[in-house]
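Some notes on the structure that comes next.
The values are calculated or read from the model by the stated rules, or taken from the named source; none is laboratory data. All figures in this text were calculated on a predicted structure; none of them were measured in a lab. For neighbour counting, all protein chains shown are included, and Cβ atoms are generated from backbone atoms with ideal geometry for every residue, glycine included.
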Amino acid sequence: MQFYSLITLTIATSMAALSAMAAPAAPKCPEVCGAIYQPICVQNLSGEFITFGNTCELNKYNCRHPGAQLTVAYKTACESNTLEKRAAAPKCDTVCPSVFQPVCARAKTGLNKVFGNACELNNYNCEHPNANFVLVADSSCEELAAPTCNTICPDIYQPVCGKLLSGDLKTFGNSCELKNYNCEHANAQASVVSNNPCSSAAVEKRAPATAAPEKCDDIMCAAVEQPICAKAKNGLRKTFGNACELKKYNCKHPNAEFVVLAESTCEDLAAPKCDFMCLMVEDPVCATSKDGKTQTFSNACLLDVHNCQNPTAAFKLIANAACPDAPVCADACPTVYQPVCAKLQSGKTKTFGNQCELSAFNCKNPKAAFTFVSEGAC
């Protein structure tokens, strides 16, 4: 009986030993990983993302959970918001041909931008959906013709009332001025409300209670050189760079009231023509110059020709007859003090109380005549 028990124990021990030798050894998983933080993001079979401090920690986890089947997603820490966005965002990696066929596109802000071709425009819009560039031309933006907003409008007052996008009403001198305004203010277009001033009864009810007048500094003129010559009420001529600058000047100086004379600089205007057709009629007139010199002209027309050709040495008509041989010197002059400065041939200057006193002096002293120099005391 003891012999049988010994045999049984021996066989059991041998079988246990053989079983241990046949089973493969379990892998040795790392117990401790380095403290270096080099995060990686992995995804499990359920789609969840898990961050591991470094590759060693991932290997340790995989070693202990061989059925987890984790796959590396990014070599950075997982950020759920970023990953969700990446998963939802459309792919904007279309490979565009390397052909330069420029297109000009415009964003919602009004900004123009050139793209190498239409494909690049589509990629850009895909990556920047808020920009939303819209194709405006199959060319570079520089080739787009800038709108000309300085059309010279006729000087005719045929008022129209325009309504801005803001709801404000604005009176324009005529429909041409309204078109110029719309060209210059693309974001504040005016539409015609009435062919009358905005203050008229037809549109008065629509006008806002506090409609502010146009500010002169808000008139933005293009840097386009299209000179025009304008004339003020006092006869002064002035050259403006373009019609818009004239409009802005009149806005700031309402009393000047410059009106267009010509579409050129004032210097380019032809000098007055002095080719009067005078009749060869003997109808003498007597005229005097500023320095008191008298001269007889055959007729008034020839006097006008002389004054036209010599504006700085003009004569003034004093009698519809020939000048007398002996000068008639004034015995008395007005007591108004309007001094003039005159000089002798020697260069000596003298102030006279007024033009009459100078003329009287020269009349009485022809050999020592003074020549008029300027108005005002010497």
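Taking the range 280-313 on its own, how many of its residues are hydrophobic (A, V, I, L, M, F, W, C) and within 15 Å of residue 359 (Cβ to Cβ)?
Step one: of the range 280-313, the residues hydrophobic (A, V, I, L, M, F, W, C) are 280-281, 285-287, 297, 300-303, 305, 308, 313.
Right, trim to within 15 Å of residue 359 (Cβ to Cβ) and you get 286-287.
Residues that pass the stated criteria total 2.
Kindly indicate whether residue 363 is closer than 25 Å to residue 298 by Cα and either surrounded by 17 or more Cβ atoms within 10 Å (Cβ to Cβ) or in contact with a Gly (Cβ under 9 Å, 6 or more places away or on another chain) (or both). Criteria met by residue 363.
Within the set of pairs 6+ apart or on separate chains, which have a first residue in the range 114-139 that is within 14 Å of residue 102 (Cα to Cα), a second that is part of a strand (DSSP E or B) and of a type in the set (Lys, Arg), and C-beta atoms under 6 Å apart? Sorted first by the residue in the range 114-139, then by its partner, the pairs are 134/106; 136/106. Of the residues making up the range 343-372, those that are part of a helix (DSSP H, G or I) and farther than 14 Å from residue 290 by Cα are 364, 366, 367, 368.
Filtering 199, 194 for residues that are polar (S, T, N, Q) and either within 30 Å of residue 229 (Cβ to Cβ) or modelled with pLDDT of 85 or more (or both) leaves a single hit, 194. Evaluate the following for residue 368: is it under 30 Å from residue 274 (Cα atoms) and touching a residue at least 12 places away in the same chain (Cβ under 8 Å)? In short, no. Tallying residues that are within 19 Å of residue 378 (Cα to Cα) and surrounded by 15 or more Cβ atoms within 10 Å (Cβ to Cβ) within the range 298-342 yields 4.
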